[in-house]
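Written below as structure tokens is the structure these notes are about.
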Amino acid sequence: MVRLQSHTHAKRKPMSEVNPVDGELERPSVTDPETVARHAEYWRRNLQYLGWLLAVWFVVSYGFGIVLAESLDSIRIPGTGYPLGFWFAQQGSIYVFVVLIFIYVWLMNRLDREFEVDEGADA
């Protein structure tokens, strides 16, 4: 079986290097083709994360809370007696949205570290 190498394992230049003369950080030129490609890949992945998370939120809020609410109402939440469709419409979609925010933060922190643009422990 052939295993493809992920772009994260490929050898690449660091995003910033220390200038040996004055000790300042040198950032690569934004017109450098490798930098342009990395920026494009970063934003492609960012938008992909946003698309998937918004799709989940749409399904939960609109699908479960409105479209499928009547069929979900046949299921009762244990211990409360509330219909599941009502719960999704009133509270569930908000809870899912908050959880999706935390998932987005986790995904973006991971992406920032992968592309060496994270703020680190200093931020």
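The values are calculated or read from the model by the stated rules, or taken from the named source; none is laboratory data. All values derive from a computational prediction rather than experimental measurement. Don't worry about glycine lacking a Cβ; one is built from the backbone with ideal geometry, like all the others, and counts go over all protein chains shown.
Selection of region 39-49 for residues being more than 21 Å from Trp106 (Cβ to Cβ) and charged (D, E, K, R) yields an empty set.
The condition of being in contact (Cβ under 8 Å) with a residue 60 or more places away in the chain and of a type in the set (Asp, Glu) holds for only one of Glu70, Glu119, Glu114, that being Glu114. Mind checking whether some residue in region 57-80 is at pLDDT 90 or above, buried (at least 16 other Cβ atoms within 10 Å of the Cβ) and in contact with a Lys or Arg (Cβ under 9 Å, 6 or more places away or on another chain)? For region 57-80, residues at pLDDT 90 or above, buried (at least 16 other Cβ atoms within 10 Å of the Cβ) and in contact with a Lys or Arg (Cβ under 9 Å, 6 or more places away or on another chain): absent.
Answer yes or no: is there a residue in region 110-117 that is among the acidic types (Asp, Glu) and over 18 Å from the mean Cα position of the chain (by Cα). So far as region 110-117 goes, no, none of its residues is among the acidic types (Asp, Glu) and over 18 Å from the mean Cα position of the chain (by Cα). Counting only helices (runs of 4 or more DSSP H) that sit wholly inside region 68-123, those with at least 1 residues that are under 30 Å from Arg44 (Cα atoms) are 93-114.
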